[in-house]
Amino acid sequence: MSAAVSPQLELRGVTKRFGGVAAVDGVSFEVAKGDIVGIIGPNGAGKTTLLNCISGTQRLDRGDIRLNGSSIAGISPHRVAKLGIGRTFQIVKPFGSMTVRENAAIGALFGSAQARRGVAGAFALADEVLELVGLRAKADHPVSALTIPDRKRLEVARAVATRPQLLLLDEVMAGLNNVEVDDALDMVRAVHATGVTVLLIEHVMRVIVGVCRRAIVLDFGHVLAQGEPEVVLRDERVIQAYLGERYAKRLKS
Amino acid sequence: MAAFVQLVILGLLAGGVYVAVGVGFGLVWGVLNIVNLAHGALVIVGGYITWQLFTAFGLDPFLTLPVDAVALFVLGYALQRGVINRIIRAPLLFTFLLTFGVNLVIVNILLLIFGSDFRSVTPTYSGQGFELGGIVIPYVRLASLGAAILLSAGLAFLLSRTRIGLSIHAIAADRDAAQLVGIDLRHAYAVTYGLGAACAGVAGGLIAMIQAITPTAGEPYTLQAFVVVILGGLGRVSATVVGGLAFGLVEAFGQSIPGSGSVFANAIAFGLMVLVLVTRPQGLMGRLR
């Protein structure tokens, strides 16, 4: 059921420059509907810039991004959100003056066409989503009372409440300990199981191998390798990019 | 003792106008981070609409208040969408310059249309009042306090219970996150400014019933709105209500000091503002962020 006719998300030669530096340089890949794909790469590889391009907060210098076959390049971020692309931030950005439930409800109130159903409906949807990410018991807490892992959950909840068809997760596991990562993995699986396509950026290899069906490796703005996570992570170029040439050779011998 | 009670009541009644002037200013400041120097000019626009409707059609001035609100909302929305949105992320000084410029433009358009004569709105019941235990309570003042409280309650309801209100909270909390859940920032900014202007318009309608207005009469109200919002604390409608009533009380007591007049009252009000900033910078009702 995974192989759809036209890919849900398609990047063609996406390029984003900051001055003379190409943070993302000619990146092309596809994400099929219902897939769960991980983007990995060393610091500064252009992962977050790539997500910014997809969600519309940064304009492409070249290339095209298509959602279900139609271009979304150059569209403003709130329109991209309404088209059904949800997004979380690596450094969480909760609405600090609100409760947990209100945060999620904002996502449900605006978001994609599937999400909108009035204020009361939005709060009902918010509760469903909070249940899904395991924050139901803390729905009435102010955001300031949440721990870091819970704030990350809230970030996901708010994005899921927009009822996206595609969810972009920017390092939701960063800064979590092992136990917390396992919990977060379960959450990502649960969200994916609701039928949302997931594209996630991750530093923690365990996450990529644990949940992703496909991995894309970025290095200096280029796609270095893509394919099944286990295969990609054994790729010599990937090991070199991460650990340096000396370690790659040592591993080989 | 009776004199004291009279002062408290007169102060609270006068505070109604300051509440109305303050809520819109506080909303724009808190959400858009714009200290809106055109606020007083918008207040006076509301005053002229009320005056025009009263003199041309004999409409009861209190019935003109919704017209003020709607007209000023449209004007404010257009101003934000067309002009002020361009500098929304610019440093504070730019917002000062731009809103001061907008203030000048509005004042001069009013001068062109209405001239510089004093205009006042005097319905049959103006100047009348009733006596309560030896204290005279003017009808207009009492009704304007009621209107200001209603306005604040309406605004608070809108902000906490409706879709557009929640989007205003969201853009105040985090603009980037807000647009990524699907909130159109430029529209939400414009609605916020429009609501601020609508409140200013209602305040103007109330002011026109209490004192004579000219196109340049708005400037003190910008200043008073500033003091009221600082007194109460930024970020909540209820805080501005407290700030406005406190300002009215302080002014009433300041004016009661023998031989002081209104100059001394201003000195006391601004002195209180400085005192609040020193001892309780978040305002009487504000929360530290």
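A few comments on the model shown:
- For segment B:29-177, the direction-averaged projected area of the alpha-carbon convex hull comes to 11.8 nm².
- Crossing angle, helix B:92-114 versus chain B [Cα axis fit, 0-90 degrees, rounded to tens]: 50 degrees
- Residue among A:Phe89, A:His192, A:Leu125 farthest towards the positive dipole end of chain A, charges placed on Cβ: A:Phe89
- Loop-located trypsin sites (Lys or Arg not before Pro) in segment A:6-65 (DSSP state not H, G, I, E or B) with no more than 12 neighbouring Cβ atoms inside 10 Å: A:Arg59.
- Residues A:Ala145 and A:Ser76, FRET efficiency given R0 of 35 Å [Cβ-Cβ distance, rounded to 0.05]: 0.55
- Antiparallel bridge percentage (DSSP; both residues within chain A; nearest 5): 55 percent
- Cleavage-rule hits, trypsin sites (Lys or Arg not before Pro), segment B:1-97, DSSP coil, Cβ neighbours within 10 Å at most 15: B:Arg89
- Report summary: the helix-based calculation at 222 nm, which adds -39500 (n - 2.57) for every DSSP H run with n ≥ 4 and divides by the residues of chain A, gives -12000 deg cm²/dmol.
- Bridge orientation summary for the protein assembly as shown: considering DSSP beta bridges with both residues in this region, about 60 percent are antiparallel.
- Total charge dipole magnitude, the protein assembly as shown, about the Cα centre, Cβ charges on Lys, Arg, Asp, Glu only, Debye to nearest 20: 880 debye
- Cα pair distances in chain A, grouped into 10 Å bins until the bin that holds the longest one, percent each: 8, 31, 36, 20, 5, 1, 0
- Potential lengthening of the chain between B:Glu219 and B:Leu104 amounts to 40.4 nm, from the contour at 0.36 nm per residue minus the alpha-carbon distance.
- Distance distribution note for segment B:170-267: the fraction of Cα pairs above 23 angstrom is 42%.
- Modelled spin-label separation between B:Ser256 and A:Asn68, with each label point placed 7 Å from Cα along the Cα-to-Cβ direction: 6.8 nm.
- In nm, spacing of pseudo-spin labels at A:Asn43 and B:Thr55 (7 Å Cα→C-beta vector): 6.9 nm
- Normalised by 2.2 N^0.38 Å, where N is the number of residues, the alpha-carbon radius of gyration of the protein assembly as shown equals 1.19.
- Across every direction, the projection of the convex hull enclosing the Cα atoms of segment A:91-162 has a mean area of 4.1 nm².
- Over chain B: helical MRE at 222 nm, DSSP H runs n ≥ 4 each giving -39500 (n - 2.57), nearest 500: -25000 deg cm²/dmol
- For a paramagnetic label modelled on B:Ala2 (point 7 Å from Cα along Cα→Cβ), amide N atoms under 20 Å away belong, within segment B:132-164, to B:132-139.
- Net length available on complete extension from A:Thr194 to A:His222 is 6.9 nm, with 0.36 nm assigned per residue and the Cα-Cα distance removed.
- FRET efficiency estimate (nearest 0.05) - Cβ-Cβ, A:Ala137 to B:Leu284, R0 30 angstrom: 0.30
- Distance from segment A:60-80 to segment B:4-38 (C-alpha centre basis), Å: 45 Å
- Working note: Cα gyration tensor of chain B, eigenvalues times five, square-rooted, sorted largest first, giving semi-axes of 30, 23, 18 Å.
- Fraction of the pair-distance distribution of segment B:113-176 above 15 Å, Cα-Cα pairs, percent: 72 percent
- For segment B:106-125 and segment B:75-102, distance of Cα centres in Å: 26 Å
- Each label point was placed 7 Å from the Cα along the Cα-to-Cβ direction; for B:Ile164 and B:Ser238 their separation is 2.4 nm.
- Cβ-derived FRET efficiency at R0 25 Å, B:Leu275 paired with B:Leu150, nearest 0.05: 0.20
- Residue exposure sequence - A:Glu228, A:Glu128 - by fewest surrounding Cβ within 10 Å: A:Glu228, A:Glu128
- Cα pair distances in segment B:1-117, grouped into 10 Å bins until the bin that holds the longest one, percent each: 12, 36, 31, 16, 5, 0
- Axis angle, to the nearest 10 degrees, between helix B:39-57 and the longest C-alpha principal axis of chain B: 60 degrees.
- Degrees between helix B:261-279 axis and first principal axis of chain B (Cα, 0 to 90, nearest 10): 40 degrees
A short reminder: the numbers here are calculations on the coordinates, not readings from a lab. Computed from a predicted structure; not experimentally measured. Methodologically, a virtual Cβ is constructed for each residue, glycine included, from the backbone with ideal geometry; neighbour enumeration extends over all protein chains shown.
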